[in-house]
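Comments concern the structure below.
The values are calculated or read from the model by the stated rules, or taken from the named source; none is laboratory data. Owing to the predicted nature of the structure, the values given are computational and were not obtained by experimental measurement. When we count neighbours, we look across all protein chains shown, and the Cβ atoms used for this are built from the backbone with ideal geometry, even at glycine.
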Amino acid sequence: MFAHQTTTSLATVPMGNLTAVDTGAITFQTGSTCATDADSTATSMGYAFGNTGNVGTVVFSSGATYYHGGLKDLTPSLSTPSNPFGLSAPSSKVTWNAGSTYVQVNSGSPSLSNRTYANYTQAGNVTGTLGGGSPFTVNGNFRLLNGGNFNLGSTAGAVTVTGNFIIDSGTSGAFTDTTSAAPVAFSIGGNISIGSAARFIPGANRTYVLNGLSAQTANFAGDTLSSVTVNNASGVSLSTGGLTVGSLLTLTTGVLNSNGQTLTAPEPEAGIARASGYVAGTLTRVYNAANTTTRTFPVGTANGYSP
């Protein structure tokens, strides 16, 4: 047990834990790494930073990295550690400062419901659960490495990624979102890069909200999303592969630039809802000849809305 400790080097947490009494007593500074022991053969490694006492006793500063269930080279532990938060959500033994990174190495299920991370990287094979509508928040970038699996299950928690959402290219592992509940938001504030459509399986009842504070680039690799909302005054530009929206495209604010890609919107008139946003470039709508109602194409140019 530590009173106060600051480290700028590599710390490996063996079976047992690294605990402190005071809030902020253990701080991992920029460039430091903390990893769980890969050599333990125990049934459980327990809580890395304890599961009683004060909140925020361990702090990961910007540029510090924590490897959960394995080492820096992504060698997984032979046993599964309990989640590093230690306490019941939303309380936590750990504070993830902006710019710090959590890496899930082994196949243990991460703690997601009502949890907030900074940067989150998935290397192992996990199934997370968002129960009772509790949110999962990444105040930074989310990245799925090739070989990693991340399955949100079929529960209804909202997901927020304030930074970039990245699915590495490759053929192994996928991000699977099979939510079956009423429409719930998956908000992304940074750029979107889907390296392979086969590695991103979107939720049938998700509304993917692009709501960055600066211009966003979105590579959906030609995937089909049930519902998409563009709410970015600085605009969103599609890149490789285009995008198909299956049920509802909502243009709240900002320009959605198709950028030479194929943008396909739902067939019925109600399939597009517009407030002040619009599409710049080519917008395709499937037209059912048996349905003779009006179709609106909310398009414009750099000079403004001009359908």
Condition first: closer than 21 Å to Gly140 by Cβ, in a loop (DSSP other than H, G, I, E, B) and not hydrophobic (A, V, I, L, M, F, W, C). Now tell me which residues in segment 92-108 satisfy that. Ser92, Lys93, Asn97, Gly99, Ser100
Options Thr301, Thr224, Thr262: the member that is under 30 Å from Leu152 (Cα atoms) and not assigned by TED's automatic domain parsing to the domain that holds Gly173: Thr262
Which listed residue is among the small types (Gly, Ala, Ser) and modelled with pLDDT under 90, from Ser187, Ser113: Ser113
Looking at (1) touching a residue at least 60 places away in the same chain (Cβ under 8 Å); (2) in a strand (DSSP E or B), which one does Lys72 not meet, given that it meets all the others? (2)
Can you name every residue in segment 125-139 that is on the phi < 0 side of the Ramachandran plot and either in a loop (DSSP other than H, G, I, E, B) or at pLDDT below 80 (or both)? Asn125, Val126, Thr127, Gly128, Thr129, Leu130, Gly131, Ser134, Pro135, Asn139
Among the residues in segment 53-66, are any of a type outside the set (Gly, Ala, Ser), outside the structural domain of Val159 (by TED's automatic domain parsing), within 23 Å of Phe165 (Cβ to Cβ) and crowded, with 24+ Cβ neighbours inside 10 Å? yes
Condition check: under 17 Å from the mean Cα position of the chain (by Cα) and either assigned by TED's automatic domain parsing to the domain that holds Asn151 or at pLDDT 95 or above (or both). Does Ser193 satisfy that? yes
Does segment 116-124 contain at least one residue that is part of a loop (DSSP other than H, G, I, E, B), surrounded by fewer than 22 Cβ atoms within 10 Å (Cβ to Cβ) and not hydrophobic (A, V, I, L, M, F, W, C)? no
Return the residue satisfying two criteria in turn: it lies in segment 75-88 and is in a loop (DSSP other than H, G, I, E, B) and of a type outside the set (Gly, Ala, Ser), and of such residues it is modelled with the lowest pLDDT. Leu78
With the condition kept exactly as written, say whether any residue in segment 271-280 is touching a residue at least 24 places away in the same chain (Cβ under 8 Å) and more than 28 Å from Ser214 (Cβ to Cβ). yes
Report, ordered by the first and then the second residue, all pairs with beta carbons closer than 8 Å, sequence separation of six or more or different chains, a first member in segment 99-122 that is basic (Lys, Arg), and a second member that is surrounded by fewer than 21 Cβ atoms within 10 Å (Cβ to Cβ). Arg115/Ala89; Arg115/Pro90; Arg115/Thr137
Test for Arg295: is it among the charged types (D, E, K, R) and out of contact with any Pro (no Cβ under 7 Å at 6 or more places or on another chain): yes
Working carefully through the options Leu87, Leu71, find the one that is closer than 17 Å to Thr23 by Cα, more than 19 Å from the chain's Cα centre (by Cα) and of a type in the set (A, V, I, L, M, F, W, C). Leu87
Quick one: what pairs do we get from segment 285-307, first residue within 21 Å of Leu243 (Cβ to Cβ) and without any contact (Cβ under 8 Å) to a residue 60 or more places away in the chain, second among the acidic types (Asp, Glu) and part of a loop (DSSP other than H, G, I, E, B), C-beta under 8 Å, 6+ apart or different chains? Arg285/Glu267; Val286/Glu267; Tyr287/Glu267; Asn288/Glu267
Which is among the β-branched types (Val, Ile, Thr), touching a strand residue (DSSP E or B) at 6+ places or on another chain (Cβ under 7 Å) and farther than 20 Å from Thr178 by Cα, of Val245, Val228, Val279? Val279
